[in-house]
Structures are given as C-alpha cells and as structure tokens.
Amino acid sequence: MSLRGRIIGTGSYVPKNILTNFDIGKMVDTSDEWITERTGIKERRIAGEGEAASDLSLQASKRALSEAGIKPNEIDMIIVATMSGDMPMPSTAAILQGKLGAKNAAAFDINGACSGFLYGLSVADSFIKSGMSKKLLLVGVDVNSRFINWQDRSTCVLFGDGAGAVVMKPTRTKRGILSTHLHSDGDLWDLICLPGGGSRHPASSESIKNNLHCIKMKGNETFKAAVRTLEKLALNTLKANNIKPSQLAMLIPHQANLRIIKAMAKRLGLPMSKVVVNLDRYGNTSGASIPIALDEAVREGRVRSGDYILFEAFGSGLTWASALVRW
Ligand code: COA
C-alpha cells in the first residue's frame, strides 16, 4: 500500500453571537423569506469583539488534537487555510503555533478562499506522502463578518464566521485521502473579490470610503459557474477512483447555497440524507465550512469506518477543488 494522509481527529468552533435573518431584515431591505428561499440560510455566527481568526482556530484545533489523542508538541506542521487571517503578516498559522505551544511545528497559511480547506488537504496529503510530515494540523478558518459591507444586501446575508480543524498522519492502509483535485480560473477573479488592503489598493481614506475592504460578488454569475464546474468536478473525482455515486456514504460540500448543494446531489443521484448541510445555522463560513460540517458529521456518529466521503468546494479565484476520502 502506498503512503497517504489520513484524518485521525476533527474539531470545530463557532462564535457564540447569532445573527438571524430577522436581525439582518432590520439593517437592509431583505426578508427571512427571501434569504431562506434563495440560499437556505437562517442564521450565522459573528465573532465577538477582539475575537480573530487565530482565536477561533485555537478552539477548533484543541478539540481536534484532543480527539486525535495528540499533544501540540508532537505536531510537525500547521497549515491554516484562510482569507481573513489575524493580519497580513505574520501568518495566522504562526500565531496559532505560538498559542498552541506547538514548538516543533512549521507553520504557514494558504489562501484558496472557499476552496482553501481542500487546497490545504491536498498540500497536507502531499507533505505526508513525501515523508516530510508525520503529524499535521490543518485548519480552515474565516472571520468573514469583518469584511462585509452591512449595507450591501447582496452579500451581507450570505457569510458567517467559524473554524474547523483536522489532525492528519500517514497510513499505508486502504483508508485516508484517496485523491484530491485542484482547479482555478483567474480570468474570473472579479466574480468574488475583496479588492482593498493589498498592493493593488493599499488602505487609504479613499479605499475605505469606497468599501474596497469588503467582499464584492457577482452572485448570479458565480452561482452559474459553481453549478457548472462542481458537477463535472464531482463526476471526474469519482471516475478517477473507479467509484460509482451509489457507493458514496456521504457528500460534504462547501456550504454556500442550498440550491447549489441540491443541484449537486440530484446530479449524483444522492438522497439529501447522504449530504451534510449546516448552512442554515452558519451561512457561508468560507474556508471553515467543510471542516465544520465534517466535525459535526463525525460527532453525530454519521461517519463510519470504511465510508467513502466526497468533498467539494468552489470559491474566489475562481478556484474549485474536491477530495475523495475513505474514512
Ligand atoms: N434580499 C432581497 N432581495 C435581494 C437580496 C436580498 N438579500 N439580494 C439581492 N436581491 C435582489 C436583487 O437586487 C435582484 O433584484 P432585481 O431583480 O430587482 O434586480 C434580485 O434579488 C435577484 O438577484 P440575483 O442576484 O439575480 O439573485 P439570485 O437568485 O442569483 O440569488 C444569491 C442571489 C447571492 C443568493 C445567489 O446568486 C448565490 O448564492 N450565488 C452564489 C453564491 C456563492 O456561491 N458564493 C460564493 C461561493 S464561495
């Protein structure tokens, strides 16, 4: 059996503050009915004052490490997938390394936006396959609420905050990460972006006045691109592993829109009982959505040893990614 990465512990954390559709209805011209019908979202979590990406990551990581029975100083690598880290530098992974006391770990961030966790899973698996990492912590975290224009009803209803983490180690069994598939199309970068604060539009009073530090999205075009690419991605991922959709125990999709998720399930012929959905409670938590959904599925006892689980995500870049895992 060839060497591959295997997830041996999961954990997640969402902030306590709940913002419902009714709350947002008091801020902009929208309604619970519209948001529920078009997205499936009912409420989302908002990080408290002073609560940043590394704080959410720390809670999720402690839970994943405890589940895996691994101490922080055993970890040799920390990867954080985020587009809303504590600050542009240092990396949120480095800050997390310090908070955890993971003294023997290398640490770096990757930015794959909503596909970030699956990009991270692929990088993590590659480090494990090459023998460079023996015990790895991968976190998906986003504090999207800090980058929302709360007057823009087309985006402020969609996003939420949260963190999910997994601990991985090598295996030579039939279990683990069977394959990962990564894609991008930078020609479509402006479908979802956060243009301010980088070297293109550094922070200035002008950039702040124009809300360049907030997420912008062409929702309808993004929706169509997501449905188009995800269907092909899922079918190709199964084909690469000689697996039929009927053999899947579970689909864990990125939690952006219930209509996108239902279209995927229908295309694969999967009943919704095999699809993990939590966007009604958390909205789109970007890099955190898949590891939070995985952790909840594990803790609810929905995942069994030997199960085939398909993960897929889509996001800014554009990027899209998938993974087939045997639990
Ligand atoms: N409340 C009420 N009306 C709203 C609204 C809101 N929160 N947001 C937009 N609208 C209005 C629009 O102004 C538009 O009105 P008009 O027809 O008078 O111009 C109408 O609703 C339709 O807007 P549209 O953007 O075409 O709606 P949609 O059916 O595409 O749904 C999204 C909007 C954002 C829910 C949907 O496009 C989506 O989920 N897109 C993909 C999101 C995604 O996957 N994002 C990132 C991946 S990480």
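Select from the stretch 160-185 the residues that are within 30 Å of Ser130 (Cβ to Cβ) and either within 15 Å of the ligand (Cβ to nearest atom) or open to solvent by 50 Å² or more (accessible area, probe 1.4 Å) (or both) and list them in ascending order.
Selection gives Lys169, Arg172, Thr173, Lys174, Arg175, Leu182, His183, Ser184, Asp185.
For Val157, which of the numbered conditions (1) open to solvent by less than 60 Å² (accessible area, probe 1.4 Å); (2) within 16 Å of the ligand (Cβ to nearest atom); (3) not assigned by TED's automatic domain parsing to the domain that holds Asp76 fails to hold?
Unmet condition: (3).
Okay, residues lined up against (1) within 25 Å of Asp307 (Cα to Cα); (2) in a strand (DSSP E or B); (3) touching a residue at least 12 places away in the same chain (Cβ under 8 Å); (4) of a type in the set (Asp, Glu):
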{"residue": "Gly196", "(1), (2), (3), (4)": "no, no, yes, no"}
{"residue": "Ser199", "(1), (2), (3), (4)": "no, no, no, no"}
{"residue": "Asn220", "(1), (2), (3), (4)": "no, no, no, no"}
{"residue": "Arg228", "(1), (2), (3), (4)": "no, no, no, no"}
{"residue": "Lys232", "(1), (2), (3), (4)": "yes, no, no, no"}
{"residue": "Ile252", "(1), (2), (3), (4)": "yes, yes, yes, no"}
{"residue": "Ala256", "(1), (2), (3), (4)": "yes, no, yes, no"}
{"residue": "Ile261", "(1), (2), (3), (4)": "yes, no, yes, no"}
{"residue": "Val277", "(1), (2), (3), (4)": "yes, no, yes, no"}
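Quick check on this structure: which one of Lys62, Lys42, Lys71 is in contact (Cβ under 8 Å) with a residue 12 or more places away in the chain and either more than 16 Å from the ligand (Cβ to nearest atom) or under 17 Å from the mean Cα position of the chain (by Cα) (or both)?
The match here is Lys62.
Read through the list (1) closer than 22 Å to Ala113 by Cα; (2) open to solvent by 50 Å² or more (accessible area, probe 1.4 Å); (3) among the hydrophobic types (A, V, I, L, M, F, W, C), then give the number of the only condition that Val80 fails.
(2)
Would you confirm whether any residue within the stretch 237-252 is surrounded by fewer than 18 Cβ atoms within 10 Å (Cβ to Cβ), within 16 Å of the ligand (Cβ to nearest atom) and modelled with pLDDT of 95 or more?
Within the stretch 237-252, not a single residue is surrounded by fewer than 18 Cβ atoms within 10 Å (Cβ to Cβ), within 16 Å of the ligand (Cβ to nearest atom) and modelled with pLDDT of 95 or more.
Determine whether the stretch 203-218 contains at least one residue that is assigned to a loop (DSSP other than H, G, I, E, B), away from the ligand (no atom under 16 Å from the Cβ), open to solvent by 40 Å² or more (accessible area, probe 1.4 Å) and within 16 Å of Met83 (Cβ to Cβ).
Yes, because at least one residue in the stretch 203-218 is assigned to a loop (DSSP other than H, G, I, E, B), away from the ligand (no atom under 16 Å from the Cβ), open to solvent by 40 Å² or more (accessible area, probe 1.4 Å) and within 16 Å of Met83 (Cβ to Cβ).
In the list Ile46, Ile70, which residue meets the criterion of being over 17 Å from Ala288 (Cα atoms) and buried (at least 16 other Cβ atoms within 10 Å of the Cβ)?
Result of the check over Ile46, Ile70: Ile70.
How about the stretch 88-119: which of its residues are more than 16 Å from the ligand (Cβ to nearest atom), out of contact with any helix residue (DSSP H, G or I) (no Cβ under 7 Å at 6 or more places or on another chain), assigned to a helix (DSSP H, G or I) and open to solvent by 30 Å² or more (accessible area, probe 1.4 Å)?
Ala94, Gln97, Gly98
Answer with yes or no whether Ser273 is closer than 27 Å to Ser12 by Cβ, outside any strand (DSSP E or B) and more than 19 Å from the chain's Cα centre (by Cα).
yes
Could you tell me which of the residues Ala321, Ala297 is touching a helix residue (DSSP H, G or I) at 6+ places or on another chain (Cβ under 7 Å) and modelled with pLDDT of 95 or more?
It is Ala321.
Residue under question is Gly196, and the condition is that it be over 24 Å from Leu294 (Cα atoms), away from the ligand (no atom under 16 Å from the Cβ) and crowded, with 18+ Cβ neighbours inside 10 Å; does it hold?
yes
I'm trying to understand the selection: among the residues of the stretch 16-36, which are touching an Asp or Glu at 6+ places or on another chain (Cβ under 7 Å) and either farther than 16 Å from Ile148 by Cα or more than 13 Å from the ligand (Cβ to nearest atom) (or both)?
Ile18, Leu19, Thr20, Phe22, listed by residue number.
Here are Val143, Val167: which of them is in contact with an Asp or Glu (Cβ under 9 Å, 6 or more places away or on another chain), among the hydrophobic types (A, V, I, L, M, F, W, C) and either modelled with pLDDT under 95 or over 19 Å from Ile192 (Cα atoms) (or both)?
Val167
The values are calculated or read from the model by the stated rules, or taken from the named source; none is laboratory data. Model, not experiment: these values are computed from the prediction. Because the Cβ atoms are built from the backbone with ideal geometry, glycine has one as well, and the counts that use them run over all protein chains shown. Heads up: the accessible areas ignore ligands, DNA and RNA and are worked out on the full protein's heavy atoms, side chains in. Shrake-Rupley method; radii C 1.70, N 1.55, O 1.52, S 1.80 Å.
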